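In what follows, a single structure is set out as structure tokens and then discussed.
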Amino acid sequence: MYYHKLYRVTAFEIKGDYIIQITFHDGAKQLINFEPVLYGEMWGPLRDPMVFNQVQLDTIAHTLTWPNGADFDPETLRNWPEYKDELAARAQHWERVPA
């Protein structure tokens, strides 16, 4: 049986275009380039650097959020290398689906 581990984002720092270093409650850090997943209705608007840089730490959900409602599960962020390719493929597919 698979158990979904609970992680909490405690801090972040924008390091460059679409790149954020995230710190988790267990002290782990993840440097993430979000550019490959910024497609589709939810994440596509984040391609605008002014929107992307409005990222905030949601202290209730313990994750990163944006003004348009976009966010990522903290477990996904913590284990980004395991998810990034699948997320990028899905996001690019969403971009091609007509509204």
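A short reminder: the numbers here are calculations on the coordinates, not readings from a lab. What you see is a predicted model, and the numbers here were worked out from it, not measured in a lab. Every residue, glycine among them, receives a Cβ derived from its backbone with ideal geometry; neighbour counts consider all protein chains shown.
For the chain, just say rounded, prolate or oblate: build the C-alpha gyration tensor, square-root its eigenvalues into a ≥ b ≥ c, call rounded for a/c under 1.5, and beyond that prolate if a/b exceeds b/c, oblate if not. Since a/c reaches 1.5 but b/c is at least a/b, the shape of the chain is classed as oblate. Counting every other Cβ atom within 10 Å of each residue's Cβ, Asp17, Asp71 order from fewest to most as Asp17, Asp71.
Taking amide H atoms as placed 1.01 Å from N in the peptide plane, the amide H of Ala61 has no partner under 5 Å among residues 5 or more positions away or on other chains. Relative protection proxy for 57-70, 28-41, from highest mean packing down: 28-41, 57-70 (other beta-carbon atoms within 10 angstrom).
Between Thr76 and Gln21, the FRET efficiency from the beta-carbon distance, with R0 = 22 Å, is close to 0.85. Every helix of 4 or more DSSP H residues in the chain counts as -39500 (n - 2.57), and over all residues that averages to -8000 deg cm²/dmol at 222 nm.
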